[in-house]
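The structure under discussion appears below in the form of structure tokens.
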Amino acid sequence: SALGLEPTASVELYNISRVTSTTFPLFVDREYEIPVDVTYNLLEFDATLRQPIGSENTVVKVGYTRSRYAADIGSFIIPDGVGLQQAFRNVYLLGTNVWLQATHRAIHPTVDEAINPVGRTIAFRYTYENNDYNRDLEYDVRNGLLVPLYKQFKFHRWELNWAEHLRLPFSRHTLSLSARGGAITGGAADTIFHFYGGGLIGLKGYPFYSIEGTRVAQAKAEYRLPITRDLDTRIFQFYFTKLYASVFAEVGDAWTGSVAAAAWKKDAGVELRLEAFSFYSYPTRISLAGAYGFDRFTRRIQGETITYGKEWRFYLGILFDFNIGEPFGGRMEEKMRWKR
């Protein structure tokens, strides 16, 4: 075009579901615990425009996302002769997001850039969220039908991720320093929309949902070195080439309110990375990480006190890339809302 802009448009449709079993209390002549099957379902539509700025290393994206989160409740028997309750669907969240994302990836092109990158990555994302959420599972009866009573949650979400991968004087040894910061502003946000600070995208020594709030700040230091770069071993359809190891330490928290409300948590761990190919052509990256959370803390969830920390947690990944927790790669926090 005359302005030098030639954006690439893309349209994507996701459908994610999971089946589980649970129980809920129901009072008839007395209180019963009713077993029921529940199918959680996420249906999402994404439209995106992608435009490189200056080079392919720096990319700006603008997008629109419309999502529907539902829970399909299976049929169940109501005791005391009441009979069979038919299955029904609870659409508990309708989300509309408009977002802007800028990424800069300046990783040096080497044969080890996937397993042991050297260079810099920066990712920034702003999202305006307009969500209709039936938080309290309230319904109205209209024309003989149950109609969900949604509450609106509108707010702005800001997030920045920065990583520096530095080459050390020793051959193929690197030091990686990374930081993550985010904030929700401009409106109230229910806990389902908060940042989550544990798991693969945060502090690995704690579960994903254990650390949450409208603010998040985290930092990580990682030292990586090669174990062997000449595996040259084939097992079935897999051809293994390189094995790297690393040790890392992390600190951070997610909180609501001023920074004085943060209770900084720490962990440390080790990771093994195994680079391979499947059927001689498909990249296959296998990682195994273990992390220990040094700080013990408790949270009150649905009337139950849960204790976290002072334990090892392990993560196994088998994908096309090692960066399972890549910032904004799949918007893990948003995609996992159906599980809350």
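The values are calculated or read from the model by the stated rules, or taken from the named source; none is laboratory data. Since we're looking at a predicted model, the values are computed, not measured. Cβ: placed from backbone, ideal geometry, glycine included. Neighbour counts: every protein chain shown. Side chains are part of the model used for accessible areas, which takes the heavy atoms of the whole protein and leaves out ligands, DNA and RNA. Shrake-Rupley method; radii C 1.70, N 1.55, O 1.52, S 1.80 Å.
Values for this structure:
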| item | result |
| --- | --- |
| Aspartates and glutamates whose Cα lies under 15 Å from that of Lys61, excluding same-chain neighbours fewer than 8 positions away | Glu6, Glu12, Asp46, Glu159 |
| For peptides 191-198, 85-92, 289-296, sequence by mean Cβ density within 10 Å, most packed first | 191-198, 289-296, 85-92 |
| Ile227-Leu100 pseudo-label distance in nm [points 7 Å out on the Cα-to-Cβ vector] | 4.5 |
| Probe 1.4 Å, accessible area per residue of the range 186-338, Å² | 49 |
| Environment charge at Arg167 (Cβ cut-off 14 Å; Lys +1, Arg +1, Asp -1, Glu -1) | -1 |
| Segments 308-318, 271-281 sorted - mean Cβ within 10 Å per residue, highest first | 271-281, 308-318 |
| Assigned charges on the beta-carbon of Lys, Arg, Asp, Glu; the chain dipole about Cα centre (debye) | 700 |
| Net charge contributed by nearby residues that have their C-beta within less than 9 Å of Lys310 (K/R +1, D/E -1) | -1 |
| Carbon + sulfur, % of accessible area of the chain - ligands and nucleic acids excluded, 1.4 Å | 59 |
| Cα-based reach from Lys242 at 15 Å (exclusive), listing aspartates and glutamates while leaving out same-chain residues under 8 positions away | Asp112, Glu113, Asp230, Asp232, Glu271, Glu275, Asp321 |
| Sum of side-chain charges, Gly257 neighbourhood, beta-carbon under 15 Å (Lys, Arg +1; Asp, Glu -1) | -1 |
